[in-house]
Each structure stands twice: as structure tokens, then as C-alpha cells.
Amino acid sequence: MLDIKNYVRVQSLQEAYDLCQNRRNVIIGGMLWLKMQNRSIDTAIDLCDLGLNQIEDKGDEIHIGAMVTLRQLELDPLLNEYTHHALKESVKHIVGVQFRNLATIGGSLFGRYGFSDVLTMFLALDAYVELYHGGIVSIREFVEMRPSLDILVRIIVKKTPMQVVYLSQRNTQTDFPVLTCAISKMNQDYYCVIGARPLKATLLLDEKHLLDSALSDESILAFADDIAQRVTLGSNLRGSADYRRHLTKVLIKRALWQLREEHNHGN
């Protein structure tokens, strides 16, 4: 049972940050995972009055406020055009529309959850997080940081020209994923992200330069085998480590085949 003693709709980020320095106070975000916990909270901090629920085109960047919902991400034309609808694919299987209308991008990323589709997707982009106290850091650096008492203000996606594909495997349509995979190509480099391992998502590069410019079947198979050997995988109730290793190869091959097809069609 969740026990909340006080509720505050803060009027500034400084007010929220000051309250966060007490570990018994919590930013509630969409409050979807929080409500299922058994804990006592001194003060529930609500950021809904701070205007952080907007997706803004800043020219060469896209700014996504921490209170933007997953449903907003799913439907936003700017983000979907930039990611070739990969972002929509990454969130559309998350529970249901009602859930996605409440779940926030800030909560999804700040928690660094092992099952997070969202974390997998954003690791494949040229993305950064803006922390109120810590400033702007790349999302790849943020993933490896220890949890802190800072506040995630917004996500910044640089409009670096790229191709990206997102895929996941689920036992049932709206269940947590068994494995997630996002592959992007930026500046001739390939970035492969594997999530729901069931550990948090991790980024792997084509260190051996196995992928050729044409993405031939041979190079794709070699790359998939290499990543499957290098990635750390575990077992849980949704699948064994061996099953996830098999899925890693399958999803990587499918993602690269899709990238090749999109490239050949001029997308």
C-alpha cells in the first residue's frame, strides 16, 4: 500500500529540487509504477504546473519535456517523421492507450528500468537529458550514472541525419518485452541497442566493422552473431538467457534488413 502524507504542486524547478533532497519525498510523474509499491512518502511532488508537457521543434533539435506522456510521443508527427515511425513502434505496445496517456517520458527514462522500450529507443538516437542540477549529459552517459536526487527536466534529440528501426519480442501483445532492439545508422556508423535483457538497455557498436555499405546478408549475419556473443543476457520468468540470445540474432537481422529496404527505397 502507498501512503502519501503530503501533496505539493510545485511552482518552480528550484522548489521541486529542494524538496527532492529529502529521500522520503518523491516526484510522482504519471504515478503508474509508484502506486503499486508498498512504501511511505512524506511529500508527493507534482511537476504538472511547470509546462514540461510540450514537444518543441527548436530547429536542429527536438525538446521533449519530462511530463510529456508516452501517448504524446506515439502521436507526435515531428518525432515520427524524424524517426521513420520507429518511436511510435517503441511505445505502441506498452500496456494500453489509457496507460500511455498517463506514463511520462521523464519517469520512463529516469527510472532506467530494465524492461523499458523507451530507454532502448532513445539510446539509439543522438539524444541528451537535461538535469536541473547536473546540466545536459548524453543519454548514453546518463544510463551509466548512479541514481541521484536531481530532476530530469527534458530530453533533447539532435536532428542528426539517420535511419533507425525499433523491434521487440513479447509473449503477449501488451506484456513487458522479452527483448528489445533498436538499430540506427548515423554518420556511417551503426549503433545497436539491446534492452529487456532483462537488464537495462545497453549500446553495442560495430567494433569489428563487420557491416558493409550494402548491408549484404553475409555482413548482417556476421554482425548479428558478434553482438549475440558479446551482449550480457539473463533469465527471468519471460525467457531464458539462451532464448534471449537467439532472439538477439533474429531481431538484429530483421532490423538491418528493414534498414536496407528503407535505404533502397530512398527513405
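The values are calculated or read from the model by the stated rules, or taken from the named source; none is laboratory data. Not measured: the values here are computed from a predicted model. For neighbour counting, all protein chains shown are included, and Cβ atoms are generated from backbone atoms with ideal geometry for every residue, glycine included. Just the protein is used for accessible areas: all its heavy atoms, side chains included, with ligands, DNA and RNA removed. Shrake-Rupley method; radii C 1.70, N 1.55, O 1.52, S 1.80 Å.
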May I ask you to give the percent of accessible area on the stretch 74-201 that is carbon plus sulfur, with a probe radius of 1.4 Å? 53
Distant alpha-carbon pairs in the stretch 92-150 (separation over 17 angstrom), percent: 39
Semi-axes a, b, c in Å (a largest) for the stretch 10-52, each sqrt of 5 times a Cα gyration tensor eigenvalue, come to 19, 13, 6
Using a ≥ b ≥ c from the Cα gyration tensor of the stretch 180-230 (square roots of the eigenvalues), is it rounded, prolate or oblate, where a/c under 1.5 gives rounded and otherwise the larger of a/b and b/c decides, a/b for prolate? prolate
Show the residues, 5+ positions off or on another chain, whose built amide H is closer than 5 Å to the amide H of residue 178. 169, 170, 171
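Count charges around residue 176 for me, please; just the other residues with Cβ under 11 Å from its Cβ, Lys/Arg as +1, Asp/Glu as -1. Walk me through the intermediate numbers first.
Numbers: positive: 170, 238; negative: 117, 175.
Net charge around residue 176: 0.
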Using a 7 Å offset from the Cα along the Cα-to-Cβ direction at both residue 230 and residue 49, what is the distance between the two label points in nm, to one decimal? 4.9
Got a sec? What order do 216, 184, 235 fall in by accessible area at 1.4 Å, biggest, i.e. largest, first? 235, 216, 184
Dividing the convex hull volume of the alpha carbon atoms of the chain by its residue count, what do you get in Å³ per residue? 129
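I'd like the FRET efficiency for residue 7 and residue 240, computed as 1/(1 + (r/R0)^6) with the beta carbon distance as r and R0 of 51 Å, rounded to 0.05.
Working: r = 43 Å, r/R0 = 0.84.
Efficiency, from the Cβ-Cβ distance: 0.75.
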Please report, in debye to the nearest 20, how large the charge dipole of the stretch 21-139 is about its Cα centre when each Lys and Arg carries +1 at its beta carbon and each Asp and Glu carries -1 there. 720
Measure off 7 Å from each Cα along the Cα-to-Cβ vector at residue 170 and residue 40, then give the distance between these two points in nanometres to one decimal. 3.8
Please compute, for the alpha-carbon atoms of the stretch 108-226, the extent along each of the three principal axes and give them in descending order in Å. 47, 35, 21
Shape of the stretch 1-102, Cα gyration tensor, a/c cut at 1.5: oblate
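What net charge do the residues around residue 158 carry, taking every other residue with its C-beta under 9 Å from that of residue 158, with Lys and Arg at +1 and Asp and Glu at -1? Intermediate values should be presented prior to the final figure.
On the way: positive: 159; negative: 60, 61, 126.
Here the charged neighbours net out to -2.
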Please work out how much length the chain gains when fully extended from residue 57 to residue 132, using 0.36 nm per residue of separation minus the C-alpha to C-alpha distance, in nm with one decimal. 24.9 nm
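Could you compute the FRET efficiency for residue 250 and residue 112, with r as their C-beta to C-beta distance and R0 at 41 Å, rounded to 0.05? Please list the in-between numbers first.
Numbers: r = 25 Å, r/R0 = 0.62.
Efficiency for this residue pair is about 0.95.
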